[in-house]
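Undergrad: To start, I am sharing the structure in question, which I have written as structure tokens.
The values are calculated or read from the model by the stated rules, or taken from the named source; none is laboratory data. Predicted model only: the values in this text are computed from it and were never measured. Please note: Cβ atoms are built from the backbone with ideal geometry, for glycine as well, and neighbour counts cover all protein chains shown. In case anyone asks, the SASA skips ligands and DNA or RNA and just uses the protein heavy atoms, side chains included. Shrake-Rupley method; radii C 1.70, N 1.55, O 1.52, S 1.80 Å.
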Amino acid sequence: MPTTSSSSHLRWLVPVLIVVVSLTVGGGLLARELYQPPMADEDVRPTRPTTAAVPAGRQPGPGRVELTTDAAAHPQAEPVRALLQAHFDAINRRDYDQWAGTVVTARVQAQPRQEWLANYRSTRDGSILVYRIEAAPGQRLTALIGFTSTQHVADAPPDLPRDCIRWRLALPLTQEYGEWRIDTIPAGSTPEREPC
């Protein structure tokens, strides 16, 4: 017959073992997450050829906005794709009113119609690919995109006077009037760009 002292020890042994096993398993899972090498971004492969596959005479490539598998998996993928499609269509058609419906009010105020038309007078955008859509602070999103623009050399950025440029940038998106809009790009952020 067990003594009171040994039954008291057994009564505490089971909960202690459960806690120790739980901490060991939890610690192991945490260590695996922290020390596991990052997986290759296989999902970020484009769903169609990149701009490099477009022959020079056919740049900037198609005007349709495409999504990688990774971007397409985001719950807001279709609203973001539709927003960007309307945005790039507006630029390609020189449609200021349509463009104004894709950006926040502050951007419209910063770029009145005549200035916008002058800035985009020869621009044509294509080969538009959304690589990823990420959550951002304040219930916002960031769309990581790449595209190609063609323009007269005189209308190109002064530090990259080329008629064909490949761009990669992070577009901030926010809700305005109940819809996603392209927000103002933070000061100091520079898009990646290179000649075609």
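Undergrad: Can you tally the net charge around ALA135? Count Lys and Arg as +1, Asp and Glu as -1, for every other residue whose Cβ sits under 15 Å from the Cβ of ALA135.
TA: -1
Undergrad: Right, something else. Using 0.36 nm per residue, how much length does the chain from GLU78 to ASN92 gain when fully extended, once their Cα-Cα distance is taken away?
TA: Between GLU78 and ASN92, full extension yields an extra 3.0 nm.
Undergrad: Could you give me the ³J(HN,Hα) list for segment 185-192, computed from phi with Karplus coefficients 6.51, -1.76, 1.60 and θ = phi - 60°, whole Hz, x at Gly and Pro?
TA: Going residue by residue, I get 7, x, 4, x, 7, 10, x, 6 Hz, with x marking Gly and Pro.
Undergrad: Using a ≥ b ≥ c from the Cα gyration tensor of segment 54-196 (square roots of the eigenvalues), is it rounded, prolate or oblate, where a/c under 1.5 gives rounded and otherwise the larger of a/b and b/c decides, a/b for prolate?
TA: Cα axes put segment 54-196 in the oblate bin.
Undergrad: Leaving out ligands, DNA and RNA, and with a 1.4 Å probe, what % of the accessible surface on segment 67-192 is carbon or sulfur?
TA: 52
Undergrad: Per residue, what accessible area does segment 79-121 have, given a 1.4 Å probe and all protein chains present, in Å²?
TA: Ligands and nucleic acids excluded, the result is 47 Å² per residue.
Undergrad: How large is ³J(HN,Hα), in whole Hz, for each residue of segment 106-120 in order, when computed from phi with the Karplus curve 6.51 cos²θ - 1.76 cosθ + 1.60 and θ = phi - 60°, using x for Gly and Pro?
TA: 4, 6, 5, 5, 7, 9, x, 3, 5, 5, 4, 4, 5, 5, 10
Undergrad: Right, next: In whole Å, what are the extents of segment 58-135 along the principal axes defined by its C-alpha atoms, from largest to smallest?
TA: 38, 33, 14
Undergrad: Please report the accessible area of ARG168 (heavy atoms, 1.4 Å probe, ligands and nucleic acids excluded) in Å², nearest 10.
TA: 80
Undergrad: Given +1 on the Cβ of Lys and Arg, -1 on the Cβ of Asp and Glu, and no further charges, what dipole in debye does segment 112-196 carry about its Cα centre, rounded to the nearest 20?
TA: Taking the Cα centre of segment 112-196 as origin, the dipole is about 120 debye.
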